[in-house]
1. Taking a ≥ b ≥ c as the square roots of the Cα gyration tensor eigenvalues, with a/c under 1.5 meaning rounded and otherwise prolate when a/b beats b/c, else oblate, which class fits the range 237-309?
2. Going by alpha carbons, how many degrees (0 to 90, nearest 10) lie between the helix axis of 176-188 and the longest principal axis of the chain?
3. Just from its helices, what would the mean residue ellipticity at 222 nm be for the chain, if runs of 4 or more DSSP H residues each count -39500 (n - 2.57) and the sum is divided by every residue, rounded to the nearest 500 deg cm²/dmol?
4. Sort out the exposed loop trypsin sites (Lys or Arg not before Pro) in the chain (DSSP loop, at most 13 other Cβ within 10 Å) and tell me the longest stretch that has none.
5. Please state the shape class of the range 147-298: rounded when a/c is under 1.5, otherwise prolate if a/b exceeds b/c and oblate if not, all from the C-alpha gyration tensor.
6. Take the alpha-carbon centre of the range 169-213, take the same for the range 259-292, and report the distance between them in whole Å.
7. With the Cα gyration tensor of the chain giving a ≥ b ≥ c as the square roots of its eigenvalues, does the rule (a/c under 1.5 for rounded; else a/b larger than b/c for prolate; else oblate) give rounded, prolate or oblate?
8. Enter the angle in degrees (range 0 to 90, nearest 10) between the Cα long axis of helix 223-233 and the first principal axis of the Cα atoms of the chain, meaning the one along which they spread out most.
Amino acid sequence: MKIADLTNTAVNTVTTLKTFQRIVLAARPKGRVSPENFRMETLPQLISSDLAAGEVLVRNHYLSLDPYMRGRMSTAKSYSAPQELDHTMLGATAGVVVASRHAEFSVGDSVVGHLGWAEMGVTQGNLLRQVDAARLPLSVYLGVVGMPGVTAWYGVNRILQAQAGQTLVVSAASGAVGSVVGQLAKLIGCRVVGIAGGEKKCSYVVDQLGFDACVDYKANQTEAELLDCLRAAAPDGIDLLFENVGSSVFDASLACLNPYAKIALCGMIAGYNSASQPLKHANKLLTMRAMLQGFIVTEHMDVWPQALTELAALVASGQLKYHETIAQGLAAAPDAFIGLLSGQNLGKQLVKLS
Ligand SMILES: NC(=O)c1ccc[n+]([C@@H]2O[C@H](COP(=O)([O-])OP(=O)(O)OC[C@H]3O[C@@H](n4cnc5c(N)ncnc54)[C@H](OP(=O)(O)O)[C@@H]3O)[C@@H](O)[C@H]2O)c1
């Protein structure tokens with residue numbers, strides 16, 4: 001059953017909800033995302049008796065908000081098809097099974113899936129991942145032990161192949177991906193420099209996460225200021241760059257590359273709401289003989305089991321720290337998402353649904 005079909009579902013009682021809410025894409029944004037791009041709908045609660053073989057009904061407790069959603073709201077050609085208008089906004093969720101017609105899932109199981117911006121939903125069981133909510137909090141499986149964590153793990157270990165003694169720079173350093181990148185690189189023995197927006201975020205990554213330094217790009221807005229700060233924070237130059245932002249932030253790092261530097265191009269969030277800014281220092285890719293690899297973590301499912309196992313162990317042992325910014329209730333999701341695209345979040349942005 002597709003989420004979009006839920007309005008046609010007959011009603012039997014399986015939870016205490018008589019109705020549930022979802023948010024659909026009402027209009028595609030032109031430039032910045034606004035609340036008018038979304039519409040909240042109330043639907044009859046979903047039922048157990050209508051589940052087809054292999055399907056599972058889940059009550060969602062957390063919704064993950066992620067930058068990639070901005071791309072899906074647009075029809076621009078990308079690695080994935082656009083989100084359809086008037087359909088539930090796409091998104092990863094963590095919740096509890098309330099009914100199951102899949103042999104591997106029972107009522108009460110904690111699961112992560114892609115049920116979208118909705119309080120409940122039906123999905124094929126083989127699209128769900130069972131998680132151990134007794135070992136770690138459920139929300140963690142959407143962040144540090146979920147897609148963002150695996151993204152960091154893949155970039156650091158497989159693309160950059162970080163080695164002790166190298167200098168690694170990561171932008172959006174206090175965010176869901178960047179915070180894990182820096183900590184994994186520190187565990188390997190790198191010198192780690194973050195780039196983040198504002199004093200609070202920079203203090204967090206240095207004082208709480210153990211980065212060696214952090215450059216505040218909002219306090220150092222001119223090209224010369226940003227370059228001076230980055231050169232001071234990475235005096236031996238940049239061997240490894242984990243790029244999350246693009247624009248002038250990326251450009252400053254390009255200017256500081258060392259010979260044979262490696263770049264994991266993970267995201268370019270500065271351009272998601274608008275046209276990307278041109279790069280002045282792209283010539284460094286040639287003159288420094290750099291290797292740049294763009295990647296999409298969902299194309300590398302083979303590494304997920306190992307990455308998730310290692311990340312969970314590091315979080316459980318306290319070696320990998322995380323922070324969550326949690327909006328309360330589905331109705332808060334649009335503003336929280338708009339805030340994510342302008343740096344309002346610290347760490348992983350979630351919405352608590354129940
Ligand atoms: N390739 C993949 O498979 C993959 C997977 C997951 C994520 N990503 C990418 O990784 C990046 C980080 O994702 P995340 O989930 O960890 O998000 P996040 O860092 O938790 O949140 C986004 C952060 O980006 C920064 N930002 C937002 N707008 C910006 C702008 N206009 N200019 C500069 N910085 C801006 C803000 O931090 P500051 O306040 O510090 O600027 C904001 O807090 C994104 O580019 C995302 O698309 C890629």
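Quick note: the coordinates plus some simple rules give every number you see, no bench work behind them. Keep in mind the model is a prediction, meaning the values are calculated, not measured. As a convention, Cβ positions derive from the backbone with ideal geometry for all residues, glycine included, and neighbour counts pool all protein chains shown.
1. Details: a/c = 2.65, a/b = 1.38, b/c = 1.93.
Because a/c hits 1.5 or more and a/b fails to exceed b/c, the range 237-309 counts as oblate.
2. Between helix and principal axis, roughly 50 degrees.
3. Numbers: 9 runs with 77 residues, N = 354.
Using -39500 (n - 2.57) per qualifying helix, the result is -6000 deg cm²/dmol.
4. On the way: sites that count: Lys2, Lys18, Lys30, Arg32, Lys77, Arg135, Lys218, Lys280, Arg289.
No qualifying site falls inside 136-217, the longest such stretch.
5. Numbers: a/c = 1.16, a/b = 1.06, b/c = 1.09.
Rounded is the answer for the range 147-298, as its axis ratio a/c remains below 1.5.
6. 19 Å
7. On the way: a/c = 2.25, a/b = 1.74, b/c = 1.29.
It is prolate, given that a/c is not under 1.5 and a/b is the larger ratio.
8. Tilt of helix 223-233: around 90 degrees.
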